[in-house]
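Enquirer: Following this message is one structure expressed as structure tokens.
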Amino acid sequence: MLIKDGKAIYSPVSEEFKEGLKWENKLYAEGLLDKEVFTQDDTMRSAKFQNPDAPIVGFTYQWTPDAVFGKWSDQYVTIPPITGPDGKRYTIGNPIGMSLNRNELLITTSSKYPEVAARWADQFYTNEASIQNFWGAIGTVIKKNDDSTYTLMDPPAGTSADAWYWDQSLRDFGPKYVSPSFEQKIVLNPESGDGLKLQLDKLGSEYVTEPFPNVMYTSEEFEELPTLTTDIDGYVNTMRSQFISKGGIDEGWEDYVKQLNKMGLEKLIKIRTDAYSRYMSVK
């Protein structure tokens with residue numbers, strides 16, 4: 001789902017998605033996309049990025065070069081989002097950021113002392129605990145300075161800042177909240193890790209699409225979603241790889257959409273658009 005002109009749409013049946021598939025099929029046929037793009041796993045992909053003999057990957061949509069290419073990182077440079085078949089540039093928007101995720105910490109009904117658990121959980125959301133959840137411990141990854149600021153230390157030799165953060169913290173999955181005032185006290189290195197990402201983000205910030213928000217579903221809707229999304233998402237991914245690698249998009253598009261509707265696409269779209277309408281009514 002994404003938002004276009006203020007309305008929630010299911011992009012895999014849109015004309016823009018169809019034209020994008022045609023463009024990717026053209027790139028695939030010309031040898032500009034990896035022939036194993038739909039069959040390789042993360043280990044195979046990483047091995048290509050860090051091939052020991054020579055850099056063999058020309059372009060990828062990834063994080064910072066040092067986190068992806070290892071010893072070849074100095075041969076890569078980050079560029080703005082590439083121009084698509086319609087002559088425009090796009091990059092995906094994030095509807096929730098890093099501090100607004102739901103359900104990062106749950107207290108179950110089997111807890112004998114929920115009030116104690118709640119007090120314990122609350123400590124995760126303090127500023128100083130939050131930055132350690134996200135990067136690592138003070139004294140190991142973070143330096144607490146005399147002027148009440150916090151500086152990220154340089155990673156050990158032979159590893160990237162990203163890899164170090166993931167090794168030392170809960171990273172994206174930890175409960176956290178950093179207040180805007182406290183955020184000003186965090187000093188990031190603009191040449192590596194998250195500090196570098198903030199700099200690189202400026203290359204694509206003007207091309208960000210409006211994302212589908214992190215809506216809430218009713219219990220009835222939530223019960224139906226897993227079955228619908230498992231079947232529909234699986235079929236979309238299968239057909240996407242087939243259309244890109246083998247073509248036949250114009251000829252097969254009508255049957256593709258019909259099959260999605262048989263799988264309950266209309267019900268899925270209704271559930272999500274209803275949730276979006278509720279979200280917008282109280283926003």
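The values are calculated or read from the model by the stated rules, or taken from the named source; none is laboratory data. Since the model is a prediction, treat every value here as computed from it, not as a measurement. Neighbour counts are summed over all protein chains in view; Cβ atoms, including those assigned to glycine, are modelled from backbone coordinates with ideal geometry.
Enquirer: Looking at LEU152, LEU106, LEU170, which is the one that is exposed (fewer than 13 other Cβ atoms within 10 Å of the Cβ) and within 29 Å of ASN214 (Cβ to Cβ)?
Expert: Checking each option against the conditions leaves just LEU106.
Enquirer: Tell me which residues, restricted to region 124-152, are free of Cβ contacts under 8 Å to residues at least 40 places away in the same chain and assigned to a strand (DSSP E or B).
Expert: Across region 124-152, the qualifying residues are ILE138, ILE142, LYS143, LYS144, TYR150, THR151.
Enquirer: Here is a list of conditions, (1) under 27 Å from ARG240 (Cα atoms); (2) assigned to a loop (DSSP other than H, G, I, E, B); (3) at pLDDT 90 or above; (4) not small (Gly, Ala, Ser), and LEU27 meets all of them except one; can you say which number that is?
Expert: (2)
Enquirer: Would you tally the residues in region 1-13 being part of a loop (DSSP other than H, G, I, E, B) and at pLDDT below 95?
Expert: Total meeting the criteria: 3.
Enquirer: Then there's this: What helices (runs of 4 or more DSSP H) completely inside region 153-204 contain at least 3 residues that are within 17 Å of the chain's Cα centre (by Cα)?
Expert: 161-168, 193-201
Enquirer: In region 227-247, is there at least one residue being more than 27 Å from ALA29 (Cα to Cα) and touching a strand residue (DSSP E or B) at 6+ places or on another chain (Cβ under 6 Å)?
Expert: Looking through region 227-247, none of the residues is more than 27 Å from ALA29 (Cα to Cα) and touching a strand residue (DSSP E or B) at 6+ places or on another chain (Cβ under 6 Å).
Enquirer: Please state which one of LYS258, LYS262, LYS202, LYS246 is farther than 25 Å from GLU15 by Cα and among the basic types (Lys, Arg).
Expert: Details: LYS258 fails: farther than 25 Å from GLU15 by Cα; LYS262 fails: farther than 25 Å from GLU15 by Cα; LYS246 fails: farther than 25 Å from GLU15 by Cα.
None of the others qualify; the one that does is LYS202.
Enquirer: Which of the residues that make up region 31-55 are of a type in the set (A, V, I, L, M, F, W, C) and surrounded by 10 or more Cβ atoms within 10 Å (Cβ to Cβ)?
Expert: If we filter region 31-55 for residues that are of a type in the set (A, V, I, L, M, F, W, C), which is where we start, we get 32-33, 37-38, 44, 47, 49, 54.
Scanning region 31-55 gives LEU32, LEU33, VAL37, PHE38, MET44, ALA47, PHE49.
Enquirer: Further question on the same structure: Give the residues of region 228-254 that are touching a residue at least 24 places away in the same chain (Cβ under 8 Å) and among the polar types (S, T, N, Q), sorted by residue number.
Expert: Residues satisfying the conditions are THR229, SER241, SER245.
Enquirer: Tell me which of these TYR28 doesn't satisfy, since it passes every other one: (1) surrounded by 17 or more Cβ atoms within 10 Å (Cβ to Cβ); (2) within 20 Å of THR238 (Cα to Cα); (3) out of contact with any helix residue (DSSP H, G or I) (no Cβ under 7 Å at 6 or more places or on another chain).
Expert: Result: TYR28 passes all but (3).
Enquirer: Ok, one more. Got a number for residues in region 237-253 being assigned to a helix (DSSP H, G or I) and of a type in the set (Gly, Ala, Ser)?
Expert: 3
Enquirer: Only one of ASP66, ASP53 is acidic (Asp, Glu) and at pLDDT 90 or above. Can you tell me which?
Expert: The unique qualifying residue is ASP53.
Enquirer: Among the residues of region 173-186, count how many are exposed (fewer than 15 other Cβ atoms within 10 Å of the Cβ) and either free of Cβ contacts under 8 Å to residues at least 24 places away in the same chain or touching a strand residue (DSSP E or B) at 6+ places or on another chain (Cβ under 6 Å) (or both).
Expert: The qualifying residues number 4.
Enquirer: Let me ask another. Among THR78, THR60, which is touching a residue at least 40 places away in the same chain (Cβ under 8 Å), among the polar types (S, T, N, Q) and not in a helix (DSSP H, G or I)?
Expert: Of THR78, THR60, the one residue that is touching a residue at least 40 places away in the same chain (Cβ under 8 Å), among the polar types (S, T, N, Q) and not in a helix (DSSP H, G or I) is THR78.
Enquirer: Oh, and also: Scan region 19-44 for residues that are under 18 Å from LYS88 (Cα atoms) and free of Cβ contacts under 8 Å to residues at least 40 places away in the same chain and report the count.
Expert: Residues flagged as under 18 Å from LYS88 (Cα atoms) and free of Cβ contacts under 8 Å to residues at least 40 places away in the same chain within region 19-44 amount to 2.
Enquirer: Are any residues in region 56-90 surrounded by 16 or more Cβ atoms within 10 Å (Cβ to Cβ), under 29 Å from GLU15 (Cα atoms) and of a type in the set (Ser, Thr, Tyr), and if so, which ones?
Expert: The answer is TYR90, and nothing else.
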